[in-house]
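A short worksheet on the structure shown next.
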Amino acid sequence: MALHEHVPLAPYTTLGLGGKARYFVECDTEEQVRAALAYASDQRLPMYVLGGGSNVVFLDSGFPGLVLRITIGGMELRDGPSPEVRAGAGVDWDTLVRGVVERGWTGVECLSGIPGTVGGTPIQNVGAYGQEIAESLVSVACLDRTTLERRTLTAADCAFGYRDSRFKRADRGRYIVLEVTLRLGRDQKPRIRHPELQRTVAGLGGLETTAPAEAVRLVREAVLTLRRSKSMVLDPADPNTRSAGSFFTNPVVSAAAFADLATRWNDIPSFPADGGVKVPAAWLVEQAGYPKGYRRSGGGAAISTRHALALVNLGGTSADLLALAEEVRAGVEQQFGIRLAYEPEVVSPPSPPPSRSR
């Protein structure tokens, strides 16, 4: 385990923001993760587990403890009537999706182009264009930070919700994801639920006369086309990709609350959702007076010129970005009475690490 000190965190995030970690270590095996946990516990260091850095905001003050970056690799693709893929938590997510789609397997094609690593997908219940990781996940192998025991959790164990899971709620900070297993479809055409994706697929020729294996490749192409049009595929030449993707989740409101909103804004878009009605956060942001390209006076952050939910680093600071986020959130709340939730994690000043059983 190679421990480093005073390591800048900005290069390890898609936003390119954040101060220094007091200690920093990369772990590519379960044994190294155990060693890092033991070190943090013995030294009474707060610890943060980092994956691909695509869904995190580090403060300008950095992190005063140990940042443990998971780089566990390895990917096994098992063919069969219901093919499965097992991948280490440090595997690049889109590398997995590309490998699956090339074999004509369905189940994660709508999640193409999402930055980050495999280990982050069950934590966030990553989803896009009508598809979520919860639909294909079989199990998650984790390390319990309090006992250093390995546990395998099923999809039902994960208590998935919209961009949510037990890893973000009851067991926040308890588990470190080591490995993920997915079960996919074979010889099946993809199910397209999202209207925008349906239109894009139709523009590429549609799926009606397309064989299943080619259909899943076409859907991936359509998703990547859409994501690139919104600067949601990482591209060093595109400043709009210096973001954490969508900064706000789409709020779900009760049917009664939505009916009240619709009496005042009859053009408000919506989608059915468990527990109520989902309202596009991007629409709320723009209607509240924050168009694409909006920038606070003198601030080093802005709303992407291509996507109203993406907040972009324009050479500023984390404080600039969070000030913009709070301004937008306050504006939406004032206009619509809806308080938007952040999608990326803002790493707050840490609490002491959990005690380890001996």
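Restricting to region 313-329, what's the tally of residues that are assigned to a helix (DSSP H, G or I), touching a Leu at 6+ places or on another chain (Cβ under 7 Å) and closer than 15 Å to residue 19 by Cβ?
Total satisfying the criteria: 2.
Taking the condition of being open to solvent by 30 Å² or more (accessible area, probe 1.4 Å) and in a loop (DSSP other than H, G, I, E, B), how many residues in region 188-215 meet it?
11
Of the residues in region 253-290, how many are open to solvent by 60 Å² or more (accessible area, probe 1.4 Å) and hydrophobic (A, V, I, L, M, F, W, C)?
Adding up the residues that qualify gives 3.
Looking at region 142-160 only, could you name the residues that are more than 27 Å from residue 213 (Cβ to Cβ), open to solvent by 10 Å² or more (accessible area, probe 1.4 Å) and either within 11 Å of the chain's Cα centre (by Cα) or without any contact (Cβ under 8 Å) to a residue 40 or more places away in the chain (or both)?
Across region 142-160, the qualifying residues are 149, 151, 152, 154, 156, 157, 159, 160.
From the list 138, 177, exactly one residue is buried (at least 21 other Cβ atoms within 10 Å of the Cβ), β-branched (Val, Ile, Thr) and part of a strand (DSSP E or B). Which is it?
177
For region 233-254, give me each residue that is of a type outside the set (Ser, Thr, Tyr) and touching a strand residue (DSSP E or B) at 6+ places or on another chain (Cβ under 6 Å).
Those that are of a type outside the set (Ser, Thr, Tyr) and touching a strand residue (DSSP E or B) at 6+ places or on another chain (Cβ under 6 Å): 240, 242, 247, 250, 252, 253.
Would it be correct to say that residue 218 is among the hydrophobic types (A, V, I, L, M, F, W, C), in a helix (DSSP H, G or I) and over 22 Å from the mean Cα position of the chain (by Cα)?
Yes: the conditions hold for residue 218.
For region 12-124, give me every one of the helices (runs of 4 or more DSSP H) that falls completely inside it and has 2 or more residues that are open to solvent by 50 Å² or more (accessible area, probe 1.4 Å) and in contact with a helix residue (DSSP H, G or I) (Cβ under 9 Å, 6 or more places away or on another chain).
It comes to 93-102.
In the set 288, 262, 256, 310, which member is more than 24 Å from residue 21 (Cα to Cα), hydrophobic (A, V, I, L, M, F, W, C) and within 20 Å of the chain's Cα centre (by Cα)? Can you show your working first?
Values: 288 fails: within 20 Å of the chain's Cα centre (by Cα); 262 fails: within 20 Å of the chain's Cα centre (by Cα); 256 fails: within 20 Å of the chain's Cα centre (by Cα).
Result: 310 is the single residue among 288, 262, 256, 310 that is more than 24 Å from residue 21 (Cα to Cα), hydrophobic (A, V, I, L, M, F, W, C) and within 20 Å of the chain's Cα centre (by Cα).
The values are calculated or read from the model by the stated rules, or taken from the named source; none is laboratory data. Please read all numbers here as calculations on a predicted model, not as lab measurements. Cβ sites come from the backbone with ideal geometry, for glycine too, and all protein chains shown count toward neighbours. Areas reflect the complete protein model, heavy atoms only, side chains present, ligands, DNA and RNA absent. Shrake-Rupley method; radii C 1.70, N 1.55, O 1.52, S 1.80 Å.
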